[in-house]
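Read the structure below first, then the notes.
The values are calculated or read from the model by the stated rules, or taken from the named source; none is laboratory data. Fair warning: this is a prediction, and the values are worked out from it, not measured in the lab. Heads up, the Cβs are rebuilt from the backbone with ideal geometry, glycines too, and the neighbour counts pull from every protein chain shown.
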Amino acid sequence: MENLDDPVITTATGYAIPRTAWARIRDGFVVAIAHTYDHLKHPFGEVAEAEPGNVPLHGETVIRVTGSNAAVGHLVDSKGNLTPAEGRTTALSPGQPAYHEGVAPEVIPASPSEEAEPEPAPEIPPPDKPEGE
């Protein structure tokens, strides 16, 4: 994929001009990120830009990312909020907020080995006496 970011433009004092982050959403997942200057339209061609608070969770759209960092693979909710996928493989359901907890990881209990013997604890000198006395 080609780099869709504009080159950095700075002011006479060397400060970068503000940029806008855009996230391309496909079926509820972020599939691409690009940055443009605030006055420019998103660089994803004819893909429609979703209005804040009305983001479709199926199909393809573009959202303006504000207040957080977006990464490819993040999920988006119907309000346009982003969250890490945390192992989820399907889009969030309509009305489910992005801050909803992800899938709990599978916990495998440890089983002690019957053959292993515990190591002896190291000898620790009493706290009031220095070593060697």
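Here are some notes:
So that you can scan it fast, the table gives a plain yes or no per residue for (1) under 19 Å from the mean Cα position of the chain (by Cα); (2) at pLDDT below 90; (3) loosely packed, with under 13 Cβ neighbours inside 10 Å:
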| site | (1), (2), (3) |
| --- | --- |
| Ala32 | yes, no, no |
| Glu46 | no, no, yes |
| Glu51 | no, yes, yes |
| Val65 | yes, yes, no |
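Per-residue answers, yes or no, for (1) in contact with a Pro (Cβ under 6 Å, 6 or more places away or on another chain); (2) part of a strand (DSSP E or B); (3) under 21 Å from Glu86 (Cβ atoms):
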| residue | (1), (2), (3) |
| --- | --- |
| Pro7 | no, no, no |
| Gly14 | no, no, no |
| Ile25 | no, yes, yes |
| Val31 | no, yes, yes |
| Lys41 | no, no, no |
| Gly45 | no, no, no |
| His58 | no, no, yes |
| Thr61 | no, yes, no |
